[in-house]
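Written below as structure tokens is the structure these notes are about.
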Amino acid sequence: MPEADDLSLLVEAARAAGEISRAYFRRAPKTWEKPDAAGPVTEADIAVNEMLEERLRAARPGYGWLSEESPDDPARLEAARVFIIDPLDGTRAFIEGDHSWAHSLAVADRGEIVAAAVYLPMTDRMFAAARGAGATLNGAPLGVSDAHGLEGARVLATRAQFEPWFWAEARVPKVERRFRSSLAYRLCLVSEGRYDAMLTLRPTWEWDVAAGALIVGEAGGRVTNRRGARLRFNSGTPQVDGVVAAGPALHAEIIGRLA
């Protein structure tokens, strides 16, 4: 089964990434700002990316490559399968010494994610999924919450997502809002049922959400863009139009209440 083989490859690579990143964590790694206000990056991001690209592309030379820390290669658009990688998701948390950052690795097949691993090295939490095979955390099955009502739901999002103009008739729901720097980790927390939903309502880079989207879906949840449309990956411009992830009933309510 190609998905199972790819998942094993991703899990092993994610653990190897963790060995590298732990060596930099809380040791004052070199840090700089990306051009065009694209956020911070550290020498750990680059070291992990170089290892992953060498390792994964050697194992699957026919796959395309899309990573936050690599120059975009248009050849990926011609590949049937593509690695979609965020070498270190949650770089701000990493810099601040917080544990909630992750390595996010996925494989897309003709626009659909078929294998995914999200690894939190400092807590040794490995979230993983293959298409049609369910999602796991350190080998144990995952399942989303069965929350039905948005009012009072536990939602992972930034404060900006609850500005009135995002919501129909400016009726902003009253939720228990929390935040994690890593979008991949936010999605995994939904897959685990620890939170009921996550949402981001602005254009979102594919590498931030590719792996987590499959993990939520295989845990029984629904993941779409902000308009309720299915997510597609490996686009020419590798962004999706926001992300809404939750159990099926709550997801439908969120989409229905968005402007």
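A short reminder: the numbers here are calculations on the coordinates, not readings from a lab. If you're wondering where the values come from, they're calculated on a predicted model, not measured in any experiment. In this analysis, Cβ positions are derived from the backbone assuming ideal geometry, glycine residues included, and neighbour counts consider all displayed protein chains.
Taken about its Cα centre, the chain carries a charge dipole of about 680 debye when Lys and Arg each add +1 at the Cβ and Asp and Glu each add -1 at the Cβ.
Of ASP36, ASP124, ASP196, the residue with the greatest mean-square motion in the GNM of the chain, using alpha carbon springs below 10 Å, is ASP36. Taking the DSSP bridge list for the range 154-257 and keeping only pairs wholly inside it, about 70 percent are antiparallel. Listed options for volume of the Cα convex hull per residue in Å³ are (1) 125; (2) 115; (3) 143. The value calculated from this structure is the one marked (2). Estimated from helices alone, the mean residue ellipticity of the chain at 222 nm is -9500 deg cm²/dmol (sum of -39500 (n - 2.57) over DSSP H runs with n ≥ 4, per residue). For the pair TRP32 and ALA16 in one chain, pulling the backbone fully straight at 0.36 nm per residue adds 3.4 nm over the alpha carbon distance.
Evaluated with a Cβ-only charge set (Lys, Arg +1; Asp, Glu -1), the range 131-208 carries a dipole of roughly 200 debye about its Cα centre, given to the nearest 20.
In terms of surrounding Cβ atoms within a 10 Å radius of their Cβ, PHE25, PHE179, PHE83, PHE233 rank from fewest to most as PHE179, PHE25, PHE233, PHE83. Working ranking of peptides 102-110, 251-259 by packing, defined as the average number of other Cβ atoms within 10 Å per residue, highest first, is 102-110, 251-259.
What is the sum of charges, Lys and Arg at +1 and Asp and Glu at -1, for the other residues whose Cβ falls under 14 Å from the Cβ of ALA229?
In short, +3.
Computed about the Cα centre, the dipole magnitude for the range 20-172 is approximately 440 debye when only Lys and Arg (+1) and Asp and Glu (-1) carry charge, each at its Cβ. When you count the other C-beta atoms within 10 angstrom of each residue and take the mean per peptide, 72-81, 57-66, 86-95, 15-24 line up highest first as 86-95, 15-24, 57-66, 72-81. Take each peptide in 134-143, 237-246, count the other Cβ atoms within 10 Å of every residue, and average; sorted highest first, the result is 237-246, 134-143.
Among LEU10, LEU52, the order by Cβ neighbours within 10 angstrom, fewest to most, reads LEU52, LEU10.
Largest GNM mean-square fluctuation across ALA197, ALA117, ALA147, computed for the chain with C-alpha springs under 10 Å, falls on ALA147.
Kindly work out what percent of the DSSP beta bridges joining two residues of the chain are antiparallel, to the nearest 5.
Given both bridge residues lie in the chain, the antiparallel proportion sits at roughly 80 percent.
If you take the Cα centroid of the range 142-161 and the Cα centroid of the range 54-132, the two points sit 25 Å apart.
The residue list PHE127, LEU137, ALA157 was ranked by how far each Cα lies along the charge dipole of the chain toward its positive end, using unit charges on Cβ atoms, and ALA157 comes out on top.
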